[in-house]
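Remarks on the structure that follows.
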Amino acid sequence: MSRIRLEGFVFLAGFIACVPLANWLIGHVGTVCVPQGPCLIPVAPSFGGRSLTAPSGVLMIGLALVLRDLVQRRLGKWWSVGAIAVGAVLSGLIAPPAWVVASAAAFLLSELADFAVYTPLQRRGLVLAVVASSLAGLVVDSVVFLHLAFGSLDFLLGQIVGKAWMVVLSIPAIRLLRNRDARLGIQPAA
């Protein structure tokens, strides 16, 4: 197996692992856990004594959006589509009962939005494609999940900021990958 395909399978495993981790985090890890609701974490400094918070699963979903792009880069778009399907099923199976539909729908729609933006941009520039597609996916994920799970968009800004942190933190690694690929003449998978 080539090193590139091996990297693709590592990205795929990471992507799939993000699903159960996000669902576990949202119910178990936070600075505060809302009764019958999510566990929350601060995602931005406090302003006026109140910090911006989001359900803790945002960290893994932000990372999943980036990893999905890397799966597509290394293994191709059909592997990526398959990973989205597996992730949506896992999300529905692993989510707390009250959030099954919200989790699966948000995951599926956000990853498809990510796919729709990343696919045409990937050959123009890896960093641009990852950032633009991840931003599209994280907004879709946030709106769909919050609306379906809680009937409210109260945590929307926190969700967007929390997921965006993971995208921003991934940029140095994406640049290193892009530069290494260019140096070795590696092209994205079809």
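The values are calculated or read from the model by the stated rules, or taken from the named source; none is laboratory data. Computed from a predicted structure; not experimentally measured. Here Cβ is always computed from backbone atoms with ideal geometry, including for glycine, and neighbour counts include all displayed protein chains.
Given segment 2-114, what helices (runs of 4 or more DSSP H) lie entirely inside it while holding 2 or more residues that are touching a Phe, Trp or Tyr at 6+ places or on another chain (Cβ under 8 Å) and charged (D, E, K, R)?
Fully inside segment 2-114 and qualifying: 58-75.
Just a yes or no: is a residue in segment 52-70 farther than 30 Å from Pro188 by Cα, surrounded by fewer than 24 Cβ atoms within 10 Å (Cβ to Cβ) and over 18 Å from the mean Cα position of the chain (by Cα)?
yes
Scan (1) in contact (Cβ under 8 Å) with a residue 24 or more places away in the chain; (2) closer than 20 Å to Gly14 by Cα; (3) buried (at least 17 other Cβ atoms within 10 Å of the Cβ) for the single condition Val127 breaks and write down its number.
Val127 satisfies all of (1) in contact (Cβ under 8 Å) with a residue 24 or more places away in the chain; (2) closer than 20 Å to Gly14 by Cα; (3) buried (at least 17 other Cβ atoms within 10 Å of the Cβ) except (3).
Residue under question is Val19, and the condition is that it be of a type in the set (Val, Ile, Thr), in contact with a strand residue (DSSP E or B) (Cβ under 8 Å, 6 or more places away or on another chain) and either in contact (Cβ under 8 Å) with a residue 12 or more places away in the chain or at positive phi (or both); does it hold?
So Val19 does not fit the description; no.
Mind checking whether some residue in segment 119-140 is within 16 Å of Ala22 (Cβ to Cβ) and aliphatic (A, V, I, L, M)?
yes
From the residues in segment 1-20 that are under 21 Å from Gly162 (Cβ atoms) and either of a type in the set (Ser, Thr, Tyr) or modelled with pLDDT under 90 (or both), which one is nearest to the chain's Cα centre (by Cα)?
By that ranking, first place goes to Val19.
Looking at segment 144-190, which of the residues that are assigned to a loop (DSSP other than H, G, I, E, B) and within 28 Å of Ala88 (Cβ to Cβ) is nearest to the chain's Cα centre (by Cα)?
Taking the candidates together, the pick is Phe155.
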